Amino acid sequence: PIVGEDGCSTWAVSPLAEGPAVGKNRDFSGEHAAQQAVFSHQDPSWANARRMLCVGSFGCPGVYSSGINSDGLSVVDTHIPTPDHGVGWLRYFLMTRLLAHHDDVASALRYIKSVSHAGGGSLLLSDQGGRVAAVDLGHASLSIVERNNGWVARTNHFDPGSVANLDDKKPLHNSTLGRRQTLIHALSKKTRTLSSLTQLMKTHSSGNKEGLCRHNED
């Protein structure tokens, strides 16, 4: 295991006893801590007096990391490098747009399919109805996995057969493969609970098992 490397691990799952849920470790080094905050946004132009609550950074787009709106649509992202870039929606602005103007996964996916994307990263979504989805963002192509009463997970790489990936040999690339396996093992259990998944996100690497808490210890 590579200790001390930042990296995001995300999942969306339904059902849990508490309802559909998304989770994310947004691991940044300590120098970023002062910029982090939870934001509440609302705008009279949004339909149904829609509001959103999100985790982000001062000076950045509204939903810079993760968020949920008052209709129960949730979205989280992961950083995944790709050579497939072009003119289109940057995913941070896209995430803000989705929560401001959409109420479920189906509506969000229709919009995602209808526009061009700058490329890079993935989005995981869930809604009140129990639908979950993972969207891998390239400029030339998209890869979308939808599930009803199931789960999706992403770390910091695209799977083979998804959109174009960079074969990155840095430590982050080494840890992302192990973290994905850790997530798959936990999410495949029939006994998964919100409490157990919360504890999972706190785990650190031990032996050959990659932990999901990757905060840089510098």
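The values are calculated or read from the model by the stated rules, or taken from the named source; none is laboratory data. Computed from a predicted model, the values in this text were never measured in an experiment. Here the Cβ positions follow ideal geometry from the backbone for every residue, glycine too, while neighbour counts run over all protein chains shown. Accessible surface is based on the protein model in full, side chains and every heavy atom, while ligands, DNA and RNA are left aside. Shrake-Rupley method; radii C 1.70, N 1.55, O 1.52, S 1.80 Å.
Numbers below:
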| quantity | calculated |
| --- | --- |
| Nearest-10 value in Å² for the accessible area of GLU146, using the 1.4 Å probe | 80 |
| Residues ASN48 and LEU177, FRET efficiency given R0 of 35 Å [Cβ-Cβ distance, rounded to 0.05] | 0.25 |
| Accessible surface ranking that places the most exposed of ARG131, ARG214 first, with a 1.4 angstrom probe | ARG131, ARG214 |
| Length-normalised contact order of the range 1-78 in % [C-alpha pairs under 8 Å, at least 6 apart] | 23 |
| Rounded, prolate or oblate (a/c below 1.5 giving rounded, otherwise prolate when a/b exceeds b/c) for the range 102-190 by Cα gyration tensor | oblate |
| Label selected from [x] 69, 45, 22; [y] 51, 41, 38; [z] 49, 33, 32, the criterion being Cα extents along the principal axes in Å as computed here | [y] |
